[in-house]
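Accompanying notes for the structure given below.
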Amino acid sequence: MANPMRDKIAKIVAAIESLDELEREHRDSTLEWIHSGARIFRTKKPDVPPMHLVSYFAVVDEPRRKVLLVDHKLAGLWLPSGGHVEPDEDPRETVVREVAEELSLAADFIHPGPLFITVTRTVGGDGGHTDVSLWYLLRGDSSRAIEFDHGEFHGVRWFGFDEIPFERSDPHMRRFVSKLRAL
C-alpha cells in the first residue's frame, strides 16, 4: 500500500546532494530504511521506534557568517535547534512548528529542502537512540535578541563559523559547516 508522505520524504532525501562519502552513505541507507517499510516516525518518547526522523534547522546569519546554536539541556551539547517529525508530518512543517515553539521565530527558509542529512546515535539521559536528521537552513539576524524555550535549553548563542565549539556539538557539525561554507 502506497504511503504518500513516506514517498514524499524519500524524494526529499534523494534530492540531497552529498558533501562526502559519509553523507552519501547516510542518504543511501536512509532511502533503504524508508523503502523497507520500517516505522520512520517517533511514536513514543524517547526511543520508539529506536530509529526515527528528526528535522534540524540551522538559523544562519549569512552576511555575518554566523549560526545560532542552542545549549541543549538533555544532550549536553551545542546543537542546531530541531525536533522529531510527527507521524505523517512533512519534515519542513516540523521546522515551521519547532522554530515557533523553541525560538519564537517564523521559519524563513534559505533553501526549500534540507541541505544535509545525518544518521547519528544520540547521547544524553535517555540512553540513546538513532536520529535520522534532515538539516534545513533558516535566515536569521544575529543583531536581534532570541527568545527561547528555557525548559529545553540553557541558552542560545550565535557562533561565527570558526568559533563553534565542535568538541561539544553534534558529531557532524564540522562537516555541516564545511557544506555551509561551500554555498
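The values are calculated or read from the model by the stated rules, or taken from the named source; none is laboratory data. These numbers come from a predicted model, not from an experiment. Because the Cβ atoms are built from the backbone with ideal geometry, glycine has one as well, and the counts that use them run over all protein chains shown.
Which members of the range 93-108 meet the condition of being surrounded by 15 or more Cβ atoms within 10 Å (Cβ to Cβ) and either aromatic (Phe, Trp, Tyr) or under 17 Å from residue 42 (Cβ atoms) (or both)? Spell out how you get there, then give the answer.
Of all residues in the range 93-108, those surrounded by 15 or more Cβ atoms within 10 Å (Cβ to Cβ) come to 94-99, 102-103, 105, 107.
Answer for the range 93-108, where residues must be surrounded by 15 or more Cβ atoms within 10 Å (Cβ to Cβ) and either aromatic (Phe, Trp, Tyr) or under 17 Å from residue 42 (Cβ atoms) (or both): 94, 95, 97, 98, 102.
Out of the residues in the range 134-159 meeting the condition of being of a type in the set (Ser, Thr, Tyr) and farther than 26 Å from residue 53 by Cβ, tell me which one is surrounded by the fewest Cβ atoms within 10 Å (Cβ to Cβ).
Of all residues in the range 134-159, those of a type in the set (Ser, Thr, Tyr) come to 136, 142-143.
Those still in the list that are farther than 26 Å from residue 53 by Cβ too: 142-143.
Values: 142: 18, 143: 8.
Across the range 134-159, the extreme among qualifying residues is 143.
Among the candidates 55, 29, which residue alone is within 17 Å of residue 118 (Cβ to Cβ), within 14 Å of the chain's Cα centre (by Cα), modelled with pLDDT of 95 or more and among the small types (Gly, Ala, Ser)? Write out each step before concluding.
Numbers: 29 fails: within 14 Å of the chain's Cα centre (by Cα).
Answer to the selection: 55.
Scan the range 144-165 for residues that are in contact with a strand residue (DSSP E or B) (Cβ under 8 Å, 6 or more places away or on another chain) and outside any strand (DSSP E or B) and jot them down. I'd like the intermediate steps shown before the answer.
Taking the range 144-165 and keeping what is in contact with a strand residue (DSSP E or B) (Cβ under 8 Å, 6 or more places away or on another chain), we get 146, 148, 152-161, 164-165.
Matches in the range 144-165: 146, 148, 152, 161, 164, 165.
Cβ-Cβ below 6 Å, separation at least six or inter-chain, first residue in the range 155-183 and under 18 Å from residue 141 (Cα atoms) and in contact (Cβ under 8 Å) with a residue 60 or more places away in the chain, second hydroxyl-bearing (Ser, Thr, Tyr) and surrounded by 14 or more Cβ atoms within 10 Å (Cβ to Cβ): which pairs?
That search, which allows pairs on different chains as well, returns 158/142.
Can you give me the number of residues within the range 1-54 that are among the charged types (D, E, K, R), in a helix (DSSP H, G or I) and either in contact (Cβ under 8 Å) with a residue 12 or more places away in the chain or at positive phi (or both)?
Pass one, the range 1-54, residues among the charged types (D, E, K, R): 6-8, 11, 17, 20-21, 23-25, 27-28, 32, 39, 42, 44-45, 47.
Add one more test, that the residue is in a helix (DSSP H, G or I), and what stays is 6-8, 11, 21, 23-25, 27-28, 32.
Now narrow it down to the ones that are either in contact (Cβ under 8 Å) with a residue 12 or more places away in the chain or at positive phi (or both): 6, 8, 23, 27.
Qualifying residue count, the range 1-54: 4.
I'd like to verify a number: residues in the range 67-116 that are modelled with pLDDT of 95 or more, more than 25 Å from residue 6 (Cα to Cα) and in a loop (DSSP other than H, G, I, E, B), how many?
Summing the residues that are modelled with pLDDT of 95 or more, more than 25 Å from residue 6 (Cα to Cα) and in a loop (DSSP other than H, G, I, E, B) in the range 67-116 gives 3.
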